[in-house]
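The values are calculated or read from the model by the stated rules, or taken from the named source; none is laboratory data. Since the model is a prediction, treat every value here as computed from it, not as a measurement. Because the Cβ atoms are built from the backbone with ideal geometry, glycine has one as well, and the counts that use them run over all protein chains shown. All accessible areas refer to the heavy atoms of the entire protein, side chains included, with ligands and DNA or RNA removed. Shrake-Rupley method; radii C 1.70, N 1.55, O 1.52, S 1.80 Å.
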Amino acid sequence: MWRLEIAEGGNNPNLYSTNNFVGRQIWEFDPNYGSPEERAEVEQARDHFWKHRHEVKPNSDLLWRLQFLKEKQFEQTIAQVKIEDGEEISYEKATATLKRAVNFFAALQADDGHWPAENAGPLYFMQPLVSFHIMLVET
């Protein structure tokens, strides 16, 4: 199974880094990585992506998310907020939703501080959250 290695390469004499490989991402194949159930989950995700590849082009970094959430033993502890049609959005509901999103993205952050992704960089992920937070503060 493929797994993402972060900030690796220091033991390779053919690689050079001025920042100790911070932010470096390499997908490495390990046939023994993961349990049979996890490999089945990855195969199911791969199959789903292949069947829907003409509808959605990016893969949503699904393998990376599965790996990171498993390694960090992430479990969302903030309840999901449901807003019905016509229901007013309160400050409490908006704040709970924002906290849930920040909690999730914090779990996906690599140990060296970056978010490994198809589109890497905190502004890619955080800009909608920051704008949403500013909108809440202003109201």
Roughly how many Å² of Trp2 are accessible to a 1.4 Å probe, to the nearest 10? 130
Rounded if a/c is under 1.5, else prolate if a/b is larger than b/c, else oblate: which is region 23-106, with a ≥ b ≥ c the root eigenvalues of its Cα gyration tensor? prolate
Picking from Gln80, Ile26, Val56, whose Cα lies most toward the positive end of the charge dipole for region 11-90 (charges on Cβ: Lys, Arg +1; Asp, Glu -1)? Ile26
With every protein chain kept in place and a 1.4 Å probe, the residues Arg39, Arg65 fall, from largest accessible area down, as Arg39, Arg65
Can you pull out the GluC sites (Glu not before Pro) in region 1-94 that DSSP calls coil and that have at most 15 other Cβ atoms within 10 Å? Glu8, Glu55, Glu75, Glu84, Glu87, Glu88
7 Å from Cα along Cα→Cβ at both Asp112 and Lys70: what's the point-to-point distance in nm? 2.3
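Quote the charge dipole size of region 1-121 about the Cα centre in Debye, to the nearest 20; the model charges only the Cβ of Lys and Arg (+1) and of Asp and Glu (-1). Provide the component values of the computation, followed by the final result.
Working: 14 positive and 21 negative charges, 37 e Å.
Value, rounded to 20: 180 debye.
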